[in-house]
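The values are calculated or read from the model by the stated rules, or taken from the named source; none is laboratory data. Worth saying up front: this structure is predicted, and the values here are computed from it rather than measured. Cβ placement follows ideal geometry from the backbone for every residue including glycine, while neighbour counts extend to all protein chains displayed.
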Amino acid sequence: MKLQELIKGLDVSEIKGSLDTDILNIAYDSRKASESSLFVCIEGTVTDGHRYIDDAIKKGARALMVQKPVEVSGNITVVRVPDTRYGLAHVSDVFFGHPSGKLNLIGVTGTKGKTTTTYMIKAILEEDNQKVGLIGTIANIIGNEVLHAERTTPESFDLQSLFSEMVYKGVESAVMEVSSHALELHRVSCCDYDIGIFNNLSRDHLDFHKTFENYLNAKIKLFEMCKKGLVNIDKGSRHKGI
């Protein structure tokens, strides 16, 4: 796929080099960069992907997506965007052909009960004779196939790749846990949710979100991405003000 196709519709601050470059893979870890890949530089809490540009180029990367000004030599295209985390979600969705839109996708967020809720929904859908995919803390599942899960919600490229595999293997509906971190860090941006479910909210993850209001606002983002939203109104778990 041409780089120009991947970034179509994306807010771009600057382009250096040719957009006619063929992209065969996308990597956000320089160790996974390969021939003719797009390396997306993610600035994380532990390290900064911009530091590993040379390593990615040595492995064959022919284009870079950055959010900081960088200087590179050779025939390397550089695309600068305001936020590479969102940029990664956008190009991953395009690269895999918008697979979430080909599934009946259900997202479950909330402080407690996400895992239990997703497994209950999976069981209900299977009773309807559907082939179901599940993405969550314990495992990722495609029908009867169980895959290892590294985090509650995968990074955007890995998530879109998983959706693509589900579509290829005939999955009709997919249900997934959607963490507040995933919503805040754009791991689920560009996903096409049919239903969003909000279980409950309690004081948690404030080391990351800093304030309870920020935590709530992160959760609410799921409702900006779904066609239908469901909220648990049980008095025992309802947060005042919701």
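Observations on the structure shown:
- From Glu145, Glu127, residue being touching a Lys or Arg at 6+ places or on another chain (Cβ under 9 Å), assigned by TED's automatic domain parsing to the domain that holds Thr111 and farther than 24 Å from Ala27 by Cβ: Glu145
- Filtered residues of the range 42-64 (kept if free of Cβ contacts under 8 Å to residues at least 40 places away in the same chain and outside any loop (DSSP other than H, G, I, E, B)): Asp48, Gly49, His50, Arg51, Tyr52, Ile53, Asp54, Asp55, Ala56, Ile57, Lys58, Leu64
- Enumeration of residues in the range 67-96 that are of a type in the set (A, V, I, L, M), under 12 Å from Gly17 (Cβ atoms) and outside any loop (DSSP other than H, G, I, E, B): Val78, Val79
- From His205, His209, residue being on the phi > 0 side of the Ramachandran plot and at pLDDT below 90: His205
- Test: Asp22 is in contact with a helix residue (DSSP H, G or I) (Cβ under 6 Å, 6 or more places away or on another chain) and acidic (Asp, Glu): no
- The residue of the range 212-242 that is surrounded by the most Cβ atoms within 10 Å (Cβ to Cβ), among those that are aromatic (Phe, Trp, Tyr) and modelled with pLDDT under 75, is Tyr215.
- Sole exception among (1) surrounded by fewer than 19 Cβ atoms within 10 Å (Cβ to Cβ); (2) on the phi < 0 side of the Ramachandran plot; (3) not small (Gly, Ala, Ser) for Pro99, by number: (1)
- Criterion violated by Val175 - all others in (1) at pLDDT 90 or above; (2) farther than 16 Å from Asn104 by Cβ; (3) under 20 Å from the mean Cα position of the chain (by Cα) satisfied: (2)
- Residue list for the range 136-171, filter: in contact (Cβ under 8 Å) with a residue 40 or more places away in the chain and not acidic (Asp, Glu): Gly136, Thr137, Ser156, Phe157, Leu159, Gln160, Ser161, Phe163, Ser164, Met166, Val167, Val171
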